[in-house]
Amino acid sequence: MSPEHVDVLIVGAGLSGVGAACHLQQECPGKSYAILESRGAIGGTWDLFRYPGIRSDSDMFTLGYAFRPWKDSKSIADGPAIRQYIRDTAREHGVEEKIRFHHQVVSAEWSSAAARWTVTARRGDAGETVRLTCSWLSVCSGYYRYDEGFRPTFAGEERFTGEVIHPQHWPEDFDATGKRIVVIGSGATAVTLVPSLAPTAAHVTMLQRTPSYVLSLPGRDPLAQVLRNRLPAALAYPIVRWKNVLLSTALYQFSRRRPAAARKLIRRLTEKQLPAGFDVDTHFNPPYDPWDQRLCLVPDGDLFRTLRRGEASVVTGPIAGFTESGIALESGEHLDADVIVTATGLNLLPMGGMSLVVDSAPVDVSERVSYKGMMLSGVPNFAMTIGYTNASWTLKADLVSRYVCRLINHLDAEGLASATPVAPPEGADQPFLDLASGYVQRSLAHLPKQGRRTPWRLNQNYIRDVRLMRRGPLDDEGMTFQPRVPAPTTEKAVA
Ligand SMILES: Cc1cc2nc3c(=O)[nH]c(=O)nc-3n(C[C@H](O)[C@H](O)[C@H](O)COP(=O)(O)OP(=O)(O)OC[C@H]3O[C@@H](n4cnc5c(N)ncnc54)[C@H](O)[C@@H]3O)c2cc1C
């Protein structure tokens, strides 16, 4: 029996997968599709992470979908509110019934003769194998391993008699009351956890090897507050969204072009929020430039408020090892702890761990060149969604979803079977992600390369990418198209 066929198969029912489905329904009406999701719930990141205070560090006017206004008054939203927003979107748009839960995609094989993908998934705990075919494959599997966060090992860990927790696996019944907690880390998760745990804990220490840039943002967007009562949401939302796009782009560009001035400005803003005499340079002045790594945003300066109240403190320095009662630092200092939280990050995992094969040849993703940050050289009718690192994920996810719809409609209109990017003639040597953060650097070797020019390079600049992705030509020098049946014996570029 031949496997079930859908026009489009989407992998993952997180923010990107649900968005991709909504765009497909809207822009390619009549296309059949299914979403395969390995977990039992919608929401991806926003369902998985349950640590106290879990929230976005982008504003929701840009992390929300362009097509569905974010109506909550908080612009930096908590995890449950984002999860609800994704679920509501899926329900309202009829996407929910297209999701097949507990289907973990393990491989996809493209056949040029049949012009389709055969996708293999493992269903449920029993590990039953399910096969589907599709004409287009969109992978929206996020960017990191779900089963395991990044967790370096520390000397003497086995000696510690307290509890060690990784934020990716937060115990439901955890109670911070009266506990001395050390949070190892300096990224978005650590700066979220510290003010959330501090009110009930005996004391919280944020222990970092190197500091991060931490910027305070209003938790509620002032312009959104004003427009909310005067304009319908459908009108107010794009205004606030574009205001935030412009502001964050300006901050990023300023940081990259005038790093010394940006560093000075952030330092001044940080100093103002900290108690008198606080050692800003040791704890909040990183050795790298702003936006070499992602900036941490804190709503209404909650981290700084906690530090001002003395409920939490920051310690900067390398760890010598764990002891029975806490952590010994190389400086000789000892931090007593009942609980150690290892907010040490994520393990990147491209394409949810699935393997790709094109016409019987396995695809080594690290040897491919990404086309417009979303397709791979030599891989037909395939897109993957990896959001921006310097702006809200959804800004790019929306661009990718709409571009896929444009391409699918183009294939139909021209009677073509497939669209296959080619690598640039001069080769490609640029990293796929332009961040010095540990989790990116640990994984670059497994990600595709970028070229040095369009269309093999995405700008990490939404305003320029909008032009390229929405209005740029589909048949540029990076793309080839293959005709429909009779299947060609040798592929011939027709564009
Ligand atoms: C704690 C945290 C905070 C973040 N905060 C922000 C923020 O403020 N702003 C921002 O822009 N970004 C943020 N990010 C990045 C974040 O991942 C994106 O915002 C967004 O949620 C990604 O959506 P996604 O659907 O692409 O991926 P995910 O949310 O990771 O969802 C992927 C889905 O695919 C499923 N899946 C994976 N592999 C397979 C497979 N092989 N088969 C079937 N299904 C599969 C997963 O189960 C999951 O449901 C944050 C990330 C984390 C971890």
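The values are calculated or read from the model by the stated rules, or taken from the named source; none is laboratory data. Being a predicted model, the structure only gives us computed values, none of them experimental. Cβ coordinates were reconstructed from backbone atoms using ideal geometry, including for glycine residues, and neighbour counts include every protein chain displayed.
Assorted remarks:
- Selection within the stretch 18-64 - in contact with a Cys (Cβ under 7 Å, 6 or more places away or on another chain) and at pLDDT below 95: Asp57
- Residue in the stretch 1-17 that is modelled with the lowest pLDDT, counting only those that are hydrophobic (A, V, I, L, M, F, W, C) and over 20 Å from the mean Cα position of the chain (by Cα): Met1
- Any chance Thr420 is touching a Gly at 6+ places or on another chain (Cβ under 7 Å) and either among the acidic types (Asp, Glu) or at pLDDT 95 or above (or both): yes
- The stretch 164-195, subset in a helix (DSSP H, G or I) and among the polar types (S, T, N, Q), residue nearest to the ligand (Cβ to nearest atom): Thr189
One line per residue, one yes/no per condition, for (1) within 16 Å of the ligand (Cβ to nearest atom); (2) in contact with a His (Cβ under 6 Å, 6 or more places away or on another chain); (3) polar (S, T, N, Q); (4) in a loop (DSSP other than H, G, I, E, B):
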position	(1), (2), (3), (4)
Leu335	no, no, no, no
Gly345	yes, no, no, yes
Gly378	no, no, no, yes
Asn390	yes, no, yes, yes
Asp398	yes, no, no, no
Leu407	no, no, no, no
Ala417	no, no, no, no
Glu426	no, no, no, yes
Asp434	yes, no, no, yes
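- Asp398 fulfils the conditions (1) within 20 Å of Met469 (Cα to Cα); (2) acidic (Asp, Glu); (3) surrounded by fewer than 17 Cβ atoms within 10 Å (Cβ to Cβ) except for a single criterion, (3).
- One residue stands out among those in the stretch 1-17 that are in contact with a Lys or Arg (Cβ under 9 Å, 6 or more places away or on another chain) and in a strand (DSSP E or B): the one that is nearest to the ligand (Cβ to nearest atom), which is Ile10.
- Every pair of residues 6+ apart whose Cβ atoms lie under 8 Å, when the first sits in the stretch 90-107 and is within 12 Å of the ligand (Cβ to nearest atom) and among the small types (Gly, Ala, Ser) while the second is at pLDDT 95 or above and assigned to a strand (DSSP E or B): Ala90/Ile99; Ser107/Val119; Ser107/Thr120; Ser107/Ser355; Ser107/Leu356; Ser107/Val357
- Candidates Arg180, Arg145, Arg230, filtered to the one that is charged (D, E, K, R), farther than 14 Å from Tyr51 by Cβ, surrounded by fewer than 22 Cβ atoms within 10 Å (Cβ to Cβ) and without any contact (Cβ under 8 Å) to a residue 40 or more places away in the chain: Arg230
- Cross-chain or 6+ apart pairs with Cβ under 6 Å, the stretch 76-87 first and without any contact (Cβ under 8 Å) to a residue 24 or more places away in the chain, then within 8 Å of the ligand (Cβ to nearest atom): Ala77/Ser56
Listed here are the residues, each with its yes/no results for (1) within 21 Å of Ser196 (Cβ to Cβ); (2) among the charged types (D, E, K, R); (3) near the ligand (Cβ under 9 Å from one of its atoms); (4) surrounded by 23 or more Cβ atoms within 10 Å (Cβ to Cβ).
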| residue | (1), (2), (3), (4) |
| --- | --- |
| Gly19 | no, no, yes, yes |
| Gly30 | no, no, no, no |
| Ile42 | no, no, yes, yes |
| Val119 | no, no, no, yes |
| Thr129 | no, no, no, no |
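- Residue tally, condition exposed (fewer than 14 other Cβ atoms within 10 Å of the Cβ) and among the β-branched types (Val, Ile, Thr), over the stretch 437-462: 0
- Residue match in the stretch 49-69 (condition: over 23 Å from Ala224 (Cα atoms) and away from the ligand (no atom under 11 Å from the Cβ)): yes
- Neighbours by Cβ (under 9 Å, 6+ apart or cross-chain): first from the stretch 1-26, more than 14 Å from Met384 (Cα to Cα); second within 15 Å of the ligand (Cβ to nearest atom) and modelled with pLDDT under 95: none
- Residues within the stretch 65-121 that are at pLDDT below 95 and of a type in the set (Lys, Arg), tallied: 2
- Residue in the stretch 155-163 that is within 30 Å of Thr323 (Cα to Cα) and in a strand (DSSP E or B) present: yes
- Pairs where the first residue, in the stretch 262-282, is without any contact (Cβ under 8 Å) to a residue 24 or more places away in the chain and the second is in a loop (DSSP other than H, G, I, E, B), C-beta under 6 Å, 6+ apart: Arg267/Asn285
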